[in-house]
1. Once fully extended, how much extra length lies between Lys53 and Lys145, figured as 0.36 nm per residue of separation less the alpha-carbon to alpha-carbon distance?
2. Take the alpha-carbon positions of the range 100-207, form their convex hull, and give its projected area averaged over all directions (one quarter of the hull surface) in nm².
3. Most exposed first by the Cβ proxy, i.e. fewest other Cβ within 10 Å, how do Thr232, Thr50 rank?
4. Which of Ile14, Ile77, Gln222 sits closest to the plus end of the dipole of the chain, meaning its Cα is farthest towards the positive end, when Lys and Arg get +1 and Asp and Glu get -1 on the C-beta?
5. Over the chain, what per residue volume does the convex hull of the Cα atoms give, in whole Å³?
6. Nearest 10 degrees is fine. How inclined is helix 11-20 to the longest principal axis of the chain, computing both from alpha carbons?
7. Report the gain in length on full extension from Lys235 to Gln194: 0.36 nm times residue separation, minus Cα-Cα distance, nm rounded to one decimal.
8. Let me check I've understood the local charge: for Lys147, count other residues with C-beta under 10 angstrom from its C-beta, Lys and Arg +1, Asp and Glu -1. What total comes out?
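Computed from the coordinates by the stated procedures, all read-outs in this text should not be read as laboratory data. All values reported here derive from a predicted model rather than from experimental measurement. No Cβ is skipped: glycine too gets one built from the backbone with ideal geometry, and neighbour counts run over all protein chains shown.
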Amino acid sequence: MGCSSSKAADAGTISRWRSTGIVALRDSKLKTFPDEVFDLERSVRTLDLTHNKMVEIPMEINKLTNLQRLILADNIIERLPMNLGLLQSLKVATFDGNRIANLPDELGQLVKLERLSVSANLLTSLPDTIGSLRSLVLLNVSNNKLKFLPESIGSCCSLEELQANDNSIEELPGSVCNLIQLKSLCLNNNNLNQMPSNLLRECKGLQNIALHGNPITMDQFQQMEGFHEFETRRKMKFDKQIDSNVIISSKGLDEGVDL
């Protein structure tokens, strides 16, 4: 793989990468990964190549065995390599704004992954192996072409925030009720006309649900078992924000469902 930026050939820059563990080449018009990055191997802990012209992630990515943060937003990447699963130290993976149509099954091997963001891509489904991501705290799959979420998502036992706005999701799997750590569920602009009946009762940590732009009605939502307890938690959250002088939207205490 060749280097298409003089920055990567600068000895002082390479020395800084090695000492800090941070390789940051945003907005550098790169089309390929610089060879110098892979030469650093175990030294690299953060790799940020946001807003370049990358078409693919080379197989040599598995050389970065201590990589914890991989940020490749706003490129033109079409697929993720299968050996991405070998990055066993990875905690943050950001692929927003690419052209990715499928996620490899090997993604489930990233057992330390805490934050996965693949918004604004071309995903039509998620792999069943996503349920193996037991450390995952945030999952952002907004603005894709998803019609459903896999049943296995209920095994993401650490998940606190699920963002799936602007898809074509017609129903949620019942397993989402197993996500007892879930605090925020964002599903604006989908095709949902109902929610799993036990969601509010089982997910006792839920403080925010966003369902604007769905067929589900406020009346349906309010009749769900556990609604009053959810409402209490939601208001407590906003009360804390107000007490902390946090500005909330002009809608005030947004119910999360279109009337």
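1. On the way: separation 92, 0.36 × 92 = 33.12 nm, distance 2.30 nm.
Here the answer is 30.8 nm.
2. Working: hull surface 22.4 nm².
Seen from a random direction, the Cα hull of the range 100-207 projects 5.6 nm² on average.
3. Working: Thr232 10, Thr50 18.
By the 10 Å Cβ count, ascending, the order reads Thr232, Thr50.
4. Checking the options against the dipole of the chain, the answer is Ile14.
5. Values: hull volume 32.8 nm³, N = 259.
Value for the chain: 127 Å³ per residue.
6. So the helix axis and the longest Cα principal axis differ by about 40 degrees.
7. Details: separation 41, 0.36 × 41 = 14.76 nm, distance 2.29 nm.
Result for the pair: 12.5 nm of gain on full extension.
8. Here the count lands on -1.
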